[in-house]
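Below is one structure, written out as structure tokens; the observations come after it.
Bear in mind that the values in this text are calculations on the coordinates, not laboratory data. Everything numeric in this text was worked out from a predicted model, so none of it was measured. Note: ideal-geometry Cβ built from the backbone for every residue, glycine included; neighbour counts use all protein chains shown.
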Amino acid sequence: MKIAIAQLNPCVGDIKGNLKLALSAVDEAEKNKASLLVFPEMFLTGYPPEDLLFRRSFLVECASALKRFSRGVKGKRVAVVMGLPWQDGDGLYNSAAFIRDGRVIDVYFKGLLPNYGVFDEKRYFLEGKRKCIWQVGTMRFAPTICEDLWDPDSGIVPNLKNESLDFVVNLSASPFHMGKMRQRLNVLKKASKRLGAPVVYVNLIGGQDELIFDGGSMVISSSGLVSFIPQFKEGVFYTSMPVSGRLITPRFPRREEEAFYALVMGVRDYTRKNGFSKVIVGLSGGIDSALTAAIAVEALGRESVVGVSMPSRFNSQQTQDDVRRLSENLGIDCYWIPIDDIFSQFLNALHPLFKETEFDKAEENIQARIRGTILMAISNKFGWLVLTTGNKSEMSVGYATLYGDMAGGFGVLKDVPKTLVWRLARFYNRLKKREVIPNSIIRRPPSAELRLDQRDEDALGSYSILDRVIDMYVEEHRPVDEIISTGIDPDYVRRVVRMIDRAEYKRRQAPPGIKITPLAFGRDWRMPITKALD
């Protein structure tokens, strides 16, 4: 039996557009003589629809779309498994509908509802209690939805063990983070072994706000991987049942490779799904803004990316030259708006109040805020999306200026540690087989250039050590004493941890950004701003 896997990219809330995409997939599967077509979890609404599910009109539109979809399947040989929300009495369920020849034959309700990290499903859905066994031709299979197979000893799945199934389908909306593919492979292999049947895993693809869904759909047996659909690749793909005995060896990409393509997809989908025609990036001559611009060009094309350089008295000739080289290498328009005269006016206006004080971060941040205001003015005038350029290391410790470099609509590097920024820049140049991001940018010690002879590491220490502390404290939730026991200077660890804790008020005001690590600030990290900590 030929099975079609719809690794497709819906848009949350765009039920009409998602319906059109689904019907096109049906036509393609029918043309290729597939007997079964499987869509990802909650495909009809997009995932996660969040509080749209509280709108009765939204659920009514979804039910109407399902009827139209069923009519579109009438007369087709292909049966379909569609992911959607399903209203049953007074309850709402995360569901999989089995549709054949114009009729909804049966509906499966997800049994295990994740309620951790980025997931909040118990806010919206009830848990399903009933197993389903469906049949196409002579093949018997059971539907499951995402979390159901991540804990195959709980929920409905244990009741499937003795059903003599030919295979199991798993509709999924599994968000990306680096290294997730290995985790999925192990989980699905374990589930297949417990159920005694191969698993057809169908994952969503596309960007949704902070989340990236990377696809990576696969067929896996208890022995290993049978077939694999590449990450970040949209389309309808095909596999067959029963599975052949031949296994394949998965290729796990390096961290910087999968992170790069996740960031590209995140920028592309956030920009286009929210109706922006162009993005704008403030180019400082530093590596963060250079990488952000390169990712934007890869995602949207050079004609859709605009750079703005806003030099002041503290910007070196080298960084200004690097902005020119980068813009030329990327082929993007770059506008030059010097800010020194504006800065002088601010200083003059504040002189009566500041005259007996030393030049410090107040004056430094005025420059960042002038730049943020200019970028937002251009955004307002032309409707372009401002991409912020701050990385996770900076956002962790608050090394960023509210209403300055934090001003914008989307944080491309918000979850990218500084040490990974350097690796991504080098990866991009290798990918392009030329020096697009100038090596002088990659090699130069990072500096905000808001005062003379400023260096990031004067305030933050070595980024390699800083990122280790951030990883242990934020990602791994390790206590301070345990971090110190790894050999890092105790005073430095305590200082960094204090900075992380105190910067929560800034992070709350940052724009959304792309999640690529297991624990990103925002959905994964929910800390109070007001808190009493030692």
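For the chain, what is the per residue volume of the convex hull drawn over the alpha-carbon atoms, in cubic angstrom?
Spread over its residues, the Cα hull of the chain gives 175 Å³ apiece.
What fraction of the DSSP beta bridges in the range 2-242 is antiparallel, stated in percent and rounded to the nearest 5?
Of the beta bridges lying entirely in the range 2-242, close to 70 percent run antiparallel.
Can you give me the Cα centroid spacing of the range 154-207 and the range 249-285 in angstrom?
Computed from Cα coordinates, the inter-centre distance equals 27 Å.
Rounded to the nearest 5, what % of the DSSP beta bridges within the chain are antiparallel ones?
Around 55 percent of the beta bridges assigned by DSSP in the chain are antiparallel ones.
Pairing the Cα long axis of helix 490-502 with the longest principal axis of the chain, what angle in degrees results, from 0 to 90 and rounded to the nearest 10?
70
Using Cβ counts within 10 Å as a stand-in for footprinting exposure, how do Ser327, Ser217, Ser440 rank, fewest first?
Fewest to most other Cβ atoms nearby, the residues stand as Ser440, Ser327, Ser217.
Can you sort Arg71, Arg56, Arg272, Arg507 so the residue with the fewest Cβ neighbours within 10 Å comes first?
Placing the least packed residue first, the sequence is Arg56, Arg71, Arg272, Arg507.
Quick one: which residues, 5+ away or cross-chain, put their amide H under 5 Å from the amide H of Ile212? H built at 1.01 Å from N.
Under 5 Å from the amide H of Ile212 lie the amide H atoms of Phe176, Lys515, each far enough along the sequence or on another chain.
Sorted by average packing, counted as other Cβ atoms within 10 angstrom per residue and highest first, what order do 105-112, 10-17, 498-505 take?
Per-residue mean Cβ counts within 10 Å order the peptides as 105-112, 10-17, 498-505.
Ranked by Cβ crowding within 10 angstrom, fewest neighbours first, how are Ile529, Ile442, Ile229 ordered?
By the 10 Å Cβ count, ascending: Ile529, Ile442, Ile229.
Separation of the range 105-123 and the range 23-83 by C-alpha centroid, Å?
One Cα centre to the other: 18 Å.
5 Å is the cut-off here: which amide hydrogens, built 1.01 Å from N in the peptide plane, fall below it relative to Val243, excluding neighbours closer than 5 in sequence?
none
HN-Hα J couplings of the range 154-163 from phi, Karplus 6.51/-1.76/1.60, θ = phi - 60°, integer Hz, Gly and Pro as x?
10, x, 7, 4, x, 6, 8, 4, 10, 9
In whole percent, what relative contact order does the range 258-456 give with Cα contacts below 8 Å and a gap of six or more residues?
In percent, rounded to a whole number, it is 24.
How far is helix 287-300 tilted off the main Cα axis of the chain, in degrees rounded to 10, range 0 to 90?
40
How do 231-237, 283-289, 313-319, 191-197 rank on mean C-beta neighbours within 10 Å, highest first?
Result, highest mean first: 283-289, 191-197, 231-237, 313-319.
Going by alpha carbons, how many degrees (0 to 90, nearest 10) lie between the helix axis of 418-432 and the longest principal axis of the chain?
Compared with the principal axis, the helix lies near 70 degrees.
Quick check on my link table: of Lys110/Lys193; Lys355/Lys418; Lys16/Lys74, which ones sit more than 30 Å apart, alpha carbon to alpha carbon?
Going by Cα-Cα distance, Lys355/Lys418 fall outside the 30 Å limit.
Rank-order 120-127, 352-359, 85-92 by packing density, defined as the average count of other C-beta atoms within 10 Å over each peptide's residues, highest first.
Taking the mean over residues of other Cβ atoms within 10 Å, the ranking is 120-127, 85-92, 352-359.
Among Ser289, Pro446, Ile370, which residue has its Cα positioned farthest towards the positive end of the charge dipole of the range 258-456, with +1 placed on the Cβ of Lys and Arg, -1 on the Cβ of Asp and Glu, and the dipole taken about the Cα centre?
Looking along the dipole axis, the top candidate is Ser289.
5 Å is the cut-off here: which amide hydrogens, built 1.01 Å from N in the peptide plane, fall below it relative to Glu41, excluding neighbours closer than 5 in sequence?
Residues meeting the criterion, in which the H sits 1.01 Å from N, are Ser172, Ala173, Leu204.
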